[in-house]
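Notes follow the structure.
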Amino acid sequence: MESYGILAIVPPALSVFLAIYTRNVIVSLAVGSLSGTLILNSFNPFFASVSLIRDHIFIQVASPSNSQVIMITLIIGGFVRMLEESGGARAFSAAIVKYVSTSRKGQIATWVSGISVFFSDTANSLIVGPLFRPVYKELKICREKLAYVIDTTASPVVILIPVASWGVYIMSLIDNTYGSLGIEADAFSVLLNVWPYQFYAFLALLAVPMIISTGKDFGPMLRAQKAYLEDENNHKEESADTEDPKLIVVILPFAIMIAVLGSVLSYYAMTEGVKSVHVNAGLCLSYLMASMGCAYVMKRFQGKTYSQSMDSFFKGMGSLMSVGAILALAWALSSICSELGTGPFLASLIGEGFNPAFFPIVVFFIGAMMSFATGSSFGTFAILMATTLPVAHILGADLVLTIAAILSGGLFGDHTSPISDTTVLASMGAGCPHINHVSTQFPYALLTGTMTVSAFVLLAIYQTPYVIFIMIALQYLAIRFMMHRYGE
């Protein structure tokens, strides 16, 4: 293979720089990919443009596994839109609210409701937030705390569900990158191996009940709560619709989904074994059937025609077209980097003296900085999967831990970034000033981020999935100490 030297790092480096500068992942990946084809085609702009489309985007999108992912992603978007319009997720949350009577129960109910809306990070904020605003007003809890809880039960929940949209997206990146490295592995199996090491997601989710159990807050969150109690008039609640959707609108679609997906996976588990293609087929069929269930309850309880439901479904698909564009460009960038030999060149820069056991820690910090600066964990996953996994493979670093570091770093940066869509939506859902949400959430997220780094350090010394239990205990002790020392 021809050696391109330092030019091999231009496409990924340009993509990262532009992602930070423009905060537009699609433009960044497109320009980075085009720069790569320019290098591969002797800087001829015509051949470079044609090559980008013909030799990379078309080929990657035409790949059976990649086309399956795009189709599933769009179908999930359609289902989420229909479920939101039917009031299904809101009905499920409303049933939980009936059992709320104290401040702690109210916050725990929010946490449980957020986890229940596991199919979409954006739907979490827009459904759970408005539902619990009047509850928090009644219980005299500041809206900044509501924003923190729903933001922390958005992306950290969805990323842990292999059959949700994030899981499908991540599997596609794994499948593509492993293929470019010549590694034969089932993406679904790889993601299951990564699952125990998604430290930030687990620790962030568990930090919420840990903090709630103390009955205290510290730092900016404490000041926000004090300010709220001193001036409740600044938190007036608008009149809300008191009519709650019926539980059947959420029970029926999810019952259909679970039944169909369970049937498909059970069949293959008993015959030829469950593989990524079986998961994809099961997801596609189950979400389509669940969407039909949504259409039925929308007609039954809202009087909407099946044509109107179909319009909602296609609108939901359209809302995720940008994700499809990111996928196609990320796959193209990955194949271009493979032709340029980006991985081997970066590995040569790091040198043989670098201990590969510590490589995931480096990847975590890179992912955190990228995601924080761009506000996009999706874009961070795409770029780092294409660039750091080949380096890890050459250095001999553990690929599973490297993927886990990419996911944890990207999630931490996204969770703390003021320009992240989930952070903005959490502020909107809770009805609190955005800058207040960012400033009050950051110390809690930073504590969890510190625990995550510590977990990867422990793994560099001794690799075992049981590290998560050690970190859960340490995080609990750290939270108790912070609340005892600084909390009220």
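The values are calculated or read from the model by the stated rules, or taken from the named source; none is laboratory data. Treat the numbers as computed from the prediction; the structure is a model and nothing was measured. All Cβ positions, glycine included, derive from the backbone under ideal geometry; neighbour counts span all protein chains shown.
Brief remarks follow.
- Condition met for A373 (under 18 Å from A19 (Cα atoms), aliphatic (A, V, I, L, M), at pLDDT below 85 and surrounded by fewer than 22 Cβ atoms within 10 Å (Cβ to Cβ)): yes
- Residues that are surrounded by 14 or more Cβ atoms within 10 Å (Cβ to Cβ) and part of a helix (DSSP H, G or I), drawn from the stretch 301-310: F301, Q302, Q308, S309, M310
Results for (1) hydroxyl-bearing (S, T, Y); (2) buried (at least 18 other Cβ atoms within 10 Å of the Cβ); (3) at positive phi; (4) touching a helix residue (DSSP H, G or I) at 6+ places or on another chain (Cβ under 9 Å), shown as yes or no for each residue.
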residue: W166; (1), (2), (3), (4): no, yes, no, yes
residue: E184; (1), (2), (3), (4): no, no, no, yes
residue: A187; (1), (2), (3), (4): no, yes, no, yes
residue: L192; (1), (2), (3), (4): no, no, no, no
residue: Y200; (1), (2), (3), (4): yes, yes, no, yes
residue: L203; (1), (2), (3), (4): no, yes, no, yes
residue: A207; (1), (2), (3), (4): no, yes, no, yes
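- Number of residues in the stretch 419-460 that are among the β-branched types (V, I, T), in contact with a helix residue (DSSP H, G or I) (Cβ under 7 Å, 6 or more places away or on another chain) and in contact (Cβ under 8 Å) with a residue 24 or more places away in the chain: the value is 7.
- Each residue in the stretch 117-168 was checked for being modelled with pLDDT of 85 or more and under 27 Å from P64 (Cα atoms), and 2 of them qualify.
- Candidates A295, A290, A269 - the one that is farther than 30 Å from H56 by Cα, surrounded by fewer than 15 Cβ atoms within 10 Å (Cβ to Cβ) and not polar (S, T, N, Q): A269
- Residue match in the stretch 327-347 (condition: within 29 Å of E84 (Cα to Cα), surrounded by 23 or more Cβ atoms within 10 Å (Cβ to Cβ) and not charged (D, E, K, R)): yes
- Here the condition is being surrounded by fewer than 20 Cβ atoms within 10 Å (Cβ to Cβ) and more than 16 Å from G409 (Cα to Cα); of K216, K145, it holds for K216 alone.
- Within the stretch 16-68, tally of residues that are loosely packed, with under 15 Cβ neighbours inside 10 Å and closer than 16 Å to A386 by Cα: 1
- Residues being of a type in the set (A, V, I, L, M), modelled with pLDDT of 85 or more and exposed (fewer than 15 other Cβ atoms within 10 Å of the Cβ) - total across the stretch 244-266: 2
- Criterion applied to I9, I39, I72 was being modelled with pLDDT under 90, out of contact with any Cys (no Cβ under 8 Å at 6 or more places or on another chain) and assigned to a helix (DSSP H, G or I), and the one residue passing it is I9.
- Residues of the stretch 348-370 that are under 20 Å from G32 (Cβ atoms) and modelled with pLDDT under 80: L349, M370.
- Checking each residue in the stretch 311-325 for being aromatic (F, W, Y) and either modelled with pLDDT under 85 or surrounded by fewer than 18 Cβ atoms within 10 Å (Cβ to Cβ) (or both) picks out only F314.
- Unique match (being farther than 26 Å from S309 by Cβ and at pLDDT below 90) among S65, S86, S93, S51: S65
- The condition (being in contact with a Lys or Arg (Cβ under 6 Å, 6 or more places away or on another chain), surrounded by 23 or more Cβ atoms within 10 Å (Cβ to Cβ) and of a type outside the set (V, I, T)) is satisfied by just one residue among A397, A455, A430, A386: A430.
- Test result for F58, more than 15 Å from V163 (Cα to Cα), part of a helix (DSSP H, G or I) and either more than 28 Å from the chain's Cα centre (by Cα) or without any contact (Cβ under 8 Å) to a residue 24 or more places away in the chain (or both): yes
- Helices (runs of 4 or more DSSP H) within the stretch 391-475 that include 3 or more residues modelled with pLDDT of 85 or more: 399-416, 434-461
- Scanning the stretch 10-54 for residues that are without any contact (Cβ under 8 Å) to a residue 40 or more places away in the chain and charged (D, E, K, R) returns a single hit, R54.
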